[in-house]
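Peer 1: Please find one structure pasted underneath; my questions will follow.
The values are calculated or read from the model by the stated rules, or taken from the named source; none is laboratory data. The shown structure was predicted, so the numbers you read here are calculated from the model rather than taken from an experiment. Because the Cβ atoms are built from the backbone with ideal geometry, glycine has one as well, and the counts that use them run over all protein chains shown. Protein only, heavy atoms only, side chains kept; ligands, DNA and RNA dropped before computing areas. Shrake-Rupley method; radii C 1.70, N 1.55, O 1.52, S 1.80 Å.
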Amino acid sequence: MYAFGLCIDQHYLVPGLAALAGLADSLTPAARRDAAVRVLTIDLTGAHALLLSDFAKRAGFGCFDLRRCSPLRSSRMADASYITVTTYLRFEFTSGFVRRPYMVYVDADVLVRGDLTDPLGYVGPDETGVVRDEFNPAVGECPALPGAAERWPHLRGRPYFNAGVLWTHTDHMPRIRRGVEQALIHARRHILHNDQDALNLWLLRSGRVRPVAGGFNRFEVGRFLERGNWVRRVVTRSLKPDPAAALVHFVGPQKPWQADCPVTEEVAEYRRHLERTMRHVRRLGAVGVEPAGVR
């Protein structure tokens, strides 16, 4: 009934494998057999595709497919410090490729702990399920969508959402793509957080949004507290690790598979998960596939 969608380039091959392993662990064996995995990429090789396919089958997923494609021609990378244009591929999934009525899109820089399919039960056929962004919670009250609240005052204070996890009916995906493309063409000056700002512009205009509980896309904030207290001013929840969160999202330039990432509790948990993932990868005989720089 549903597929998990990921966008993976060569830089995110190892994190993508870890995300797949977490998704598999979150489901029962029967649910894994019924679930599909769909991957879009710009630059993965045939060997990478075969590894992902073999890994998905070893993890118990019933169906896997990968496709190379290009992002929207109107894509704008306002911030490319640690993100590539691969981020725009999340809007290139089609019903013909997914071949399931529902899709859960998941970023690769995550630790999946729980079943992410629950929100599909209440996302309408013309809605996108999203979690409110913990660092940019409201339009005009955060760096996201610069100038949008001044141009359209009625948007000030409206919720702003993170694009790291999305829930949708596959028939709705063409409308999302068209809406994002129009935002990129007609409101480019308000784009700061790349595709995420473009998505939010469309969500604000269309109203086709279904808020999802924060535990399905919980930010790991400990790394940021190592560098300053600004997080305390913008995040309203407890900043302690949330063991009940179904997904922990490692936003920002420091990633848990990198050696210079502060070793917080959740980073350590991710690295244990990554090591288990790599043991499975090695059993598949993959050569030269290792996390870069993790101590």
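Peer 1: So is Thr41 among the β-branched types (Val, Ile, Thr) and open to solvent by 10 Å² or more (accessible area, probe 1.4 Å) or not?
Peer 2: Details: among the β-branched types (Val, Ile, Thr): yes; open to solvent by 10 Å² or more (accessible area, probe 1.4 Å): no.
When the stated conditions are applied, Thr41 does not pass them.
Peer 1: If the requirement is being open to solvent by less than 50 Å² (accessible area, probe 1.4 Å), closer than 23 Å to Asp43 by Cβ and in a helix (DSSP H, G or I), which of these qualifies: Ala149, Ala56?
Peer 2: Of Ala149, Ala56, the one residue that is open to solvent by less than 50 Å² (accessible area, probe 1.4 Å), closer than 23 Å to Asp43 by Cβ and in a helix (DSSP H, G or I) is Ala56.
Peer 1: Among the residues that make up region 159-178, is at least one of them free of Cβ contacts under 8 Å to residues at least 40 places away in the same chain and surrounded by fewer than 20 Cβ atoms within 10 Å (Cβ to Cβ)? Write out each step before concluding.
Peer 2: Initial filter on region 159-178 (free of Cβ contacts under 8 Å to residues at least 40 places away in the same chain): 178.
From what's left, surrounded by fewer than 20 Cβ atoms within 10 Å (Cβ to Cβ): 178.
Within region 159-178 (the criterion being free of Cβ contacts under 8 Å to residues at least 40 places away in the same chain and surrounded by fewer than 20 Cβ atoms within 10 Å (Cβ to Cβ)), the answer is yes, since at least one residue qualifies.
Peer 1: Go through region 181-223 residue by residue and tally those that are part of a helix (DSSP H, G or I), more than 25 Å from Gly124 (Cβ to Cβ) and open to solvent by 50 Å² or more (accessible area, probe 1.4 Å).
Peer 2: Residues flagged as part of a helix (DSSP H, G or I), more than 25 Å from Gly124 (Cβ to Cβ) and open to solvent by 50 Å² or more (accessible area, probe 1.4 Å) within region 181-223 amount to 4.
Peer 1: Which ones in region 1-41 are within 14 Å of Leu89 (Cα to Cα) and of a type in the set (D, E, K, R)?
Peer 2: Residues satisfying the conditions are Asp9, Arg38.
Peer 1: I'm trying to understand the selection: among the residues of region 107-133, which are among the small types (Gly, Ala, Ser) and in contact (Cβ under 8 Å) with a residue 40 or more places away in the chain? Steps first, answer last, please.
Peer 2: Residues of region 107-133 among the small types (Gly, Ala, Ser): 108, 114, 121, 124, 129.
Answer for region 107-133, where residues must be among the small types (Gly, Ala, Ser) and in contact (Cβ under 8 Å) with a residue 40 or more places away in the chain: Ala108, Gly114, Gly124, Gly129.
Peer 1: Further, regarding this structure: So which residues in region 231-243 are touching a residue at least 24 places away in the same chain (Cβ under 8 Å) and either touching a Lys or Arg at 6+ places or on another chain (Cβ under 7 Å) or part of a loop (DSSP other than H, G, I, E, B) (or both)?
Peer 2: Hits for region 231-243 are Val235, Thr236, Arg237, Pro241, Asp242.
Peer 1: Could you tell me whether Gly46 is within 27 Å of Asp25 (Cα to Cα) and open to solvent by 50 Å² or more (accessible area, probe 1.4 Å)? Walk me through how you get there before you give the answer.
Peer 2: On the way: within 27 Å of Asp25 (Cα to Cα): yes; open to solvent by 50 Å² or more (accessible area, probe 1.4 Å): yes.
So Gly46 passes the test.
Peer 1: Criterion first (of a type in the set (Val, Ile, Thr) and either touching an Asp or Glu at 6+ places or on another chain (Cβ under 7 Å) or outside any loop (DSSP other than H, G, I, E, B) (or both)) does Val123 satisfy it?
Peer 2: Working: of a type in the set (Val, Ile, Thr): yes; either touching an Asp or Glu at 6+ places or on another chain (Cβ under 7 Å) or outside any loop (DSSP other than H, G, I, E, B) (or both): no.
For Val123, the condition - of a type in the set (Val, Ile, Thr) and either touching an Asp or Glu at 6+ places or on another chain (Cβ under 7 Å) or outside any loop (DSSP other than H, G, I, E, B) (or both) - is not met.
Peer 1: Follow-up question, since we're still on this one. Filter region 61-83 down to residues that are at pLDDT below 95 and of a type in the set (A, V, I, L, M) and give me whichever is surrounded by the fewest Cβ atoms within 10 Å (Cβ to Cβ).
Peer 2: Here the answer is Ala80.
Residue by residue, here is whether (1) more than 16 Å from Val235 (Cβ to Cβ); (2) more than 18 Å from the chain's Cα centre (by Cα) holds:
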site	(1), (2)
Asn136	no, no
Glu141	no, yes
Pro174	yes, yes
Arg178	yes, yes
Ile185	yes, yes
Ile191	yes, yes
Leu204	yes, yes
Arg223	no, yes
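Peer 1: All but one of (1) of a type in the set (D, E, K, R); (2) in contact with a Gly (Cβ under 9 Å, 6 or more places away or on another chain); (3) within 15 Å of Val139 (Cβ to Cβ) hold for Arg223; state the number of the condition that does not hold.
Peer 2: So Arg223 meets the others, but not (3).
Peer 1: Can you tell me which residue among Phe93, Phe135 is under 15 Å from His193 (Cα atoms), touching a strand residue (DSSP E or B) at 6+ places or on another chain (Cβ under 8 Å) and part of a loop (DSSP other than H, G, I, E, B)? Steps first, please.
Peer 2: Values: Phe93 fails: under 15 Å from His193 (Cα atoms).
One residue alone meets the criteria, Phe135.
Results for (1) free of Cβ contacts under 8 Å to residues at least 60 places away in the same chain; (2) outside any helix (DSSP H, G or I); (3) within 21 Å of Pro143 (Cβ to Cβ), shown as yes or no for each residue.
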position: Gln254; (1), (2), (3): yes, yes, yes
position: Gln258; (1), (2), (3): yes, yes, no
position: Pro262; (1), (2), (3): yes, yes, no
position: Glu266; (1), (2), (3): no, no, no
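Peer 1: Restricting to region 15-30, give me the number of residues that are in a helix (DSSP H, G or I) and surrounded by fewer than 21 Cβ atoms within 10 Å (Cβ to Cβ).
Peer 2: Initial filter on region 15-30 (in a helix (DSSP H, G or I)): 15-25, 29-30.
After this cut, where a residue has to be surrounded by fewer than 21 Cβ atoms within 10 Å (Cβ to Cβ) as well, the list is 25, 29-30.
Residues flagged as in a helix (DSSP H, G or I) and surrounded by fewer than 21 Cβ atoms within 10 Å (Cβ to Cβ) within region 15-30 amount to 3.
Peer 1: Residue check: is Gly228 over 16 Å from Ala148 (Cα atoms), surrounded by 16 or more Cβ atoms within 10 Å (Cβ to Cβ) and free of Cβ contacts under 8 Å to residues at least 60 places away in the same chain?
Peer 2: Numbers: over 16 Å from Ala148 (Cα atoms): yes; surrounded by 16 or more Cβ atoms within 10 Å (Cβ to Cβ): no; free of Cβ contacts under 8 Å to residues at least 60 places away in the same chain: yes.
For Gly228, the condition - over 16 Å from Ala148 (Cα atoms), surrounded by 16 or more Cβ atoms within 10 Å (Cβ to Cβ) and free of Cβ contacts under 8 Å to residues at least 60 places away in the same chain - is not met.
Peer 1: Taking into account only those residues within region 231-261 that are in contact with a Leu (Cβ under 9 Å, 6 or more places away or on another chain) and surrounded by fewer than 19 Cβ atoms within 10 Å (Cβ to Cβ), which is nearest to Leu116 (Cα to Cα)?
Peer 2: Leu239
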